[in-house]
Amino acid sequence: MTYDNFDPDGQKIKLFTPGPVQVPDWILTELAKPNDTHRSNPYRELHALVRAKMQKLLHTHNDVFFWTNSGTGVMEACIWNLIGPDDKAIFFPCGAFGERWAKTAEQCGKGDNSVIVNVEWGKGVSAELVKKELSQDKYDVVFMTMNETSTGVMNPIWKIGPIVKEYGALLCVDSVSCMAGVDINVDAWGIDVALASTQKCFALPPGLAISSVSAAALEKAKTVPNRGNYFDFLDMLKKSQSNETPSTPAIPLLRALNTMLDYILDEEGPENRYKRHASMAKYIREWAVQQGFEIFSEEGYHSNTVVTIKNNLNLNTAKWVKKAIEHGYRFVDGYGDLKGKTFRIAAMGEISMNDVKEFLTLLMKLFDEVK
Ligand SMILES: Cc1ncc(COP(=O)(O)O)c(C=O)c1O
């Protein structure tokens, strides 16, 4: 029994998974450094630095909160803080993660306040659909998945955000599987909450979630009763003002995020990072089509961080995944009901184009074994 991710030759398994992803050694080193407490000046300094760098990355003046949980926690936080007893929320699920968000509202007792507009899996949520729905009724909050990791769809938040603002609603965006892999213009697009977790395009281990939260969302939270404790935006705000969090934060992960943001902002450069992600995803899609596969996501809505590929060649995808692990690589089968019907290849974080080419060459070598 081992909990290290080593292949049979003792090499670290290379992760082409949609999170958690490969963590570079220089981040692992950063995580191992000693910490002061979270009620100390060194921590407050770190907190302030990371917030400023996140604001730069997301092009926002909004506050940024750091949560010691994965992204799901912040998705729930949006529900507790932004849907009041007399409010109406609208969800546009187009895959597993969007559906889960809508279900969470029901689980939090806000089902009667929610309208769910389901979009067929593989299709994107168009700006036209959002406009149509918002023009038919008055909504207070709109919930959108930017990058639907189950279907490999990326939704055009850059078009949807301004529409949501036109209708005077708040906009929460799950950008778990694309933040730091694609450009997100929080202020220009009118995003009230943009949330993500560290184990995807940030290439850090899991355990820390990040969200920008607008002044309008914070004002709204003041009017919503029963926001709970751990996920209360207003408690987060109060502590954020003194560069702290209400309870103990994941200090090593914040330290690692600080280092990663320095790398993204000052060394690789955000634009280069986004181009690298886009070109790796395009390369994977083109490779898949050359092999005779079809892409599951609709044209015009392809994700730049994860490619969901139809298994129209009827390969044994479970066996393929297993075989790849034996060679030191992990990718993933389809999500939920799409298991066996699709498979997914993600290129997030610090993966390079050369890594992608090496991995796809291996997948082709394994073809005959999984037919
Ligand atoms: C689009 C999307 N939303 C939400 C989540 C849940 O995030 P977490 O696992 O960080 O809670 C995931 C995880 O894969 C995701 O891909």
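The values are calculated or read from the model by the stated rules, or taken from the named source; none is laboratory data. Quick caveat, the model's predicted, so the values are computed rather than measured. All Cβ positions, glycine included, derive from the backbone under ideal geometry; neighbour counts span all protein chains shown. Calculation scope for accessible area: heavy atoms of the full protein, side chains included, ligands and nucleic acids excluded. Shrake-Rupley method; radii C 1.70, N 1.55, O 1.52, S 1.80 Å.
Among the residues of the range 267-296, count how many are farther than 17 Å from Met353 by Cα, touching a Leu at 6+ places or on another chain (Cβ under 8 Å) and either open to solvent by 90 Å² or more (accessible area, probe 1.4 Å) or touching a residue at least 24 places away in the same chain (Cβ under 8 Å) (or both).
Number of matching residues: 2.
Kindly indicate which of Thr72, Thr37 is assigned by TED's automatic domain parsing to the domain that holds Phe231 and either small (Gly, Ala, Ser) or more than 16 Å from the ligand (Cβ to nearest atom) (or both).
Thr37
Consider Asn226 carefully, then state whether it is on the phi > 0 side of the Ramachandran plot and outside any strand (DSSP E or B).
Here the answer is yes, as Asn226 does meet what is asked.
Taking the condition surrounded by fewer than 23 Cβ atoms within 10 Å (Cβ to Cβ), more than 26 Å from Asn226 (Cβ to Cβ) and within 14 Å of the ligand (Cβ to nearest atom), does Ala96 pass?
It is true that Ala96 is surrounded by fewer than 23 Cβ atoms within 10 Å (Cβ to Cβ), more than 26 Å from Asn226 (Cβ to Cβ) and within 14 Å of the ligand (Cβ to nearest atom).
Looking at the structure I just gave you, is Leu58 away from the ligand (no atom under 16 Å from the Cβ), of a type in the set (A, V, I, L, M) and farther than 16 Å from Met179 by Cα?
It is false that Leu58 is away from the ligand (no atom under 16 Å from the Cβ), of a type in the set (A, V, I, L, M) and farther than 16 Å from Met179 by Cα.
Enumerate the pairs (first residue in the range 92-116 and assigned by TED's automatic domain parsing to the domain that holds Ser126 and free of Cβ contacts under 8 Å to residues at least 24 places away in the same chain; second residue anywhere and of a type in the set (Phe, Trp, Tyr) and more than 14 Å from the ligand (Cβ to nearest atom)) with beta-carbon separation below 9 Å, excluding pairs fewer than 6 apart on the same chain, so at least 6 apart or on different chains.
none
Considering only residues that are more than 13 Å from the ligand (Cβ to nearest atom) and of a type in the set (D, E, K, R), look in the range 154-202 and name the one that is farthest from Glu219 (Cα to Cα).
The selected residue is Asp183.
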